[in-house]
């Protein structure tokens, strides 16, 4: 579900950004506003980012092979990390550079009404894109707050699009602020300040995205709630005397690896242990459907023990 919802939000954002980028650049050529140029680059970078997210999702669906026996699910994390780098280098740094250059050599705006009209229309289009991202995110967010959703989501597309759209709306507001004050005061410095604010905003968003996606790249385990459900499922079977240890790892946004050692009574037969392990695997998958790859190691104890740990051979 998360991949489908993410793709829908990405496509909505891509369609909006392509049209907005062209319109903003035309407004820049007609007005000479550095804020409009920064916003044009911002929308162009966002469009490229959305294409990268779609490519990452497509590559992640490739079947597992000899070189990648666990599949290509993490490709979505790689491309999301590239998006953060592009947003930082192209969007943020360029905008700051352009704003500083405008501060050093301010020049009056021409046809100032054009960028104002374009910005107002762009705010409406970006609001629609953000609304789509919010709606699709709500389908998978559950009871999490928005901050928790961005930080804990294992599928990177929706958090990336949410942050991009939010940054886009704030960036448009900064641009409107700069252009509007330039028109009211006749001082082009405000246009430069708006441009710098856009750049700083993009750098901050890129850093947040980079931190979150790098954590996914390094490897994250199941969240607290899912781990608790897995532990309950592993200990639910009456012939499992104890859970010795448990490790989890997300192989991709929708695929969780579960590795655990379970304690069995010494008198248990090999055939019975194998049957119980199959039954426990089914319980885990029922409790956490994302747990698709499960490795359970049997251990032996002399007698039943209480708690989640035991001394096993």
Binning every alpha carbon pair distance of the range 14-58 at 10 Å from zero, what are the percents per bin?
33, 43, 18, 6, 0
Bin width 5 Å, alpha-carbon pairs only: give the P(r) of the range 106-198 as whole percents, running from 0 to the bin holding the largest distance.
3, 14, 20, 17, 12, 11, 9, 8, 5, 2, 0
Give the angle, between 0 and 90 degrees and rounded to the nearest 10, that separates the Cα long axis of helix 2-31 from the longest principal axis of the Cα atoms of the chain.
10 degrees
At 7 Å along Cα-to-Cβ for each site, give me the label-to-label distance between residue 144 and residue 269 in nm.
4.6 nm
Multiplying the sequence separation of residue 169 and residue 279 by 0.36 nm and subtracting their Cα-Cα distance, what value in nm do you get?
34.5 nm
A convex hull over the alpha carbons of the chain yields, per residue, a volume in Å³ of 136 Å³
Between residue 152 and residue 22, Cβ-based FRET efficiency (R0 35 Å, step 0.05) works out to 0.45
For the chain, modelled as a GNM with alpha-carbon contacts under 10 angstrom, which of 164, 136, 39 fluctuates the most?
136
At residue 51 and residue 117, where each label point lies 7 Å from the Cα along Cα→Cβ, what is the point-to-point distance in nanometres?
2.9 nm
Taking R0 as 30 Å and r as the Cβ-Cβ distance between residue 184 and residue 97, the FRET efficiency 1/(1 + (r/R0)^6), rounded to the nearest 0.05, comes to 0.70
Rounding to the nearest 10 and keeping the result within 0 to 90°, find how far the Cα-based axis of helix 113-141 lies from the longest principal axis of the chain.
10 degrees
Taking R0 as 45 Å and r as the Cβ-Cβ distance between residue 66 and residue 107, the FRET efficiency 1/(1 + (r/R0)^6), rounded to the nearest 0.05, comes to 0.15
Give me the angle, in degrees from 0 to 90, between the Cα long axis of helix 189-218 and the longest principal axis of the Cα atoms of the chain, rounded to the nearest 10.
10 degrees
So what is the relative contact order for the chain, in percent, with contacts set as C-alpha pairs under 8 Å and at least six apart?
20 percent
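No value in this document is a laboratory result; all are computed from the given coordinates. Worth saying up front: this structure is predicted, and the values here are computed from it rather than measured. Backbone-built Cβ (ideal geometry, glycine too); neighbour counts: all protein chains shown.
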